[in-house]
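Q: To start, I am sharing the structure in question, which I have written as structure tokens.
The values are calculated or read from the model by the stated rules, or taken from the named source; none is laboratory data. As the structure is a computational prediction, the values presented were derived from the model and not from experiment. Positions of Cβ are backbone-derived with ideal geometry, glycine not excepted, and every protein chain shown enters the neighbour counts.
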């Protein structure tokens, strides 16, 4: 598919990427969803994402308050200010990139990873810090790895799955094996599986991770959006009016 065709496809269907966690939890990943009305999240051992239908809707925040409970926290996207009863614990700038010209292809050395490989995956993630990876994250989609002398040295896989799209995540390489293009090979291999399903790859990165962003752009990803990722904490009760509307 040409770059132009990819851009047109992205533009015509990209609305789900404005709230990808919600789109995933109410779509292809609904089986994972813990949901209260206008708020949903993944189980805490699967992924750290929480989502609401609309960041400006008090009823959605009331549902999120019920979901997380008193003093509970939620990792949310696109929140710069919180309503009463919430506080921002920390936040960071991020970017979202979409495939507009990636050459996707299987890799002969890539092996599919499963639950039995989770201890090795968690060890590699702890040493390379590509982002959060939890004991059941492997259930979200296909994760591929490359081994050297039987040891896992590189990883990439599928995380968020809004309709028509799949996020490539957990891209990392053991420090002793960098500079060999292993991350690029695995991104291409994961993307091959995504495209075989007729879907489009996308990914997120911290805005400060300029090296990774340059790599992704060099292999065919294009910046679609800048956003903020925040951890918010419930500090107060649900407002009575909001609770009545939510009921």
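Q: Can you name the residue in segment 58-83 that is touching a helix residue (DSSP H, G or I) at 6+ places or on another chain (Cβ under 9 Å) and in a loop (DSSP other than H, G, I, E, B) and is also farthest from residue 227 (Cα to Cα) among such residues?
A: If we take residues in segment 58-83 being touching a helix residue (DSSP H, G or I) at 6+ places or on another chain (Cβ under 9 Å) and in a loop (DSSP other than H, G, I, E, B), then 72 is farthest from residue 227 (Cα to Cα).
Q: Does residue 50 count as more than 15 Å from the chain's Cα centre (by Cα), surrounded by 12 or more Cβ atoms within 10 Å (Cβ to Cβ) and not assigned by TED's automatic domain parsing to the domain that holds residue 165?
A: Details: more than 15 Å from the chain's Cα centre (by Cα): no; surrounded by 12 or more Cβ atoms within 10 Å (Cβ to Cβ): yes; not assigned by TED's automatic domain parsing to the domain that holds residue 165: yes.
It is false that residue 50 is more than 15 Å from the chain's Cα centre (by Cα), surrounded by 12 or more Cβ atoms within 10 Å (Cβ to Cβ) and not assigned by TED's automatic domain parsing to the domain that holds residue 165.
Q: Related question: Within segment 190-205, track down each residue that is surrounded by fewer than 22 Cβ atoms within 10 Å (Cβ to Cβ) and part of a helix (DSSP H, G or I).
A: 192, 193, 195, 196
Q: For segment 123-141, name all the residues that are surrounded by fewer than 17 Cβ atoms within 10 Å (Cβ to Cβ) and either over 17 Å from the mean Cα position of the chain (by Cα) or under 25 Å from residue 197 (Cα atoms) (or both).
A: Hits for segment 123-141 are 123, 126, 127, 136.
Q: If you go through segment 177-184 one residue at a time, do you hit one that is surrounded by fewer than 16 Cβ atoms within 10 Å (Cβ to Cβ) and touching a strand residue (DSSP E or B) at 6+ places or on another chain (Cβ under 7 Å)?
A: Residues of segment 177-184 surrounded by fewer than 16 Cβ atoms within 10 Å (Cβ to Cβ): 177-181.
So of that shortlist, the ones also touching a strand residue (DSSP E or B) at 6+ places or on another chain (Cβ under 7 Å) come out as 177.
Checked against the condition, which is being surrounded by fewer than 16 Cβ atoms within 10 Å (Cβ to Cβ) and touching a strand residue (DSSP E or B) at 6+ places or on another chain (Cβ under 7 Å), segment 177-184 yields at least one hit.
Q: Of the conditions (1) surrounded by 14 or more Cβ atoms within 10 Å (Cβ to Cβ); (2) more than 30 Å from residue 238 (Cβ to Cβ); (3) in contact with a helix residue (DSSP H, G or I) (Cβ under 9 Å, 6 or more places away or on another chain), residue 160 fails just one. Which one is it?
A: (2)
Q: Please work out which residue is nearest to the chain's Cα centre (by Cα), limiting yourself to segment 77-90 and to residues that are under 26 Å from residue 136 (Cβ atoms) and surrounded by fewer than 16 Cβ atoms within 10 Å (Cβ to Cβ).
A: So in segment 77-90, the residues under 26 Å from residue 136 (Cβ atoms) come out as 77-79, 89-90.
Among the residues that remain, those that are also surrounded by fewer than 16 Cβ atoms within 10 Å (Cβ to Cβ) are: 78, 89-90.
On the way: 78: 14, 89: 20, 90: 18 Å.
If we take residues in segment 77-90 being under 26 Å from residue 136 (Cβ atoms) and surrounded by fewer than 16 Cβ atoms within 10 Å (Cβ to Cβ), then 78 is nearest to the chain's Cα centre (by Cα).
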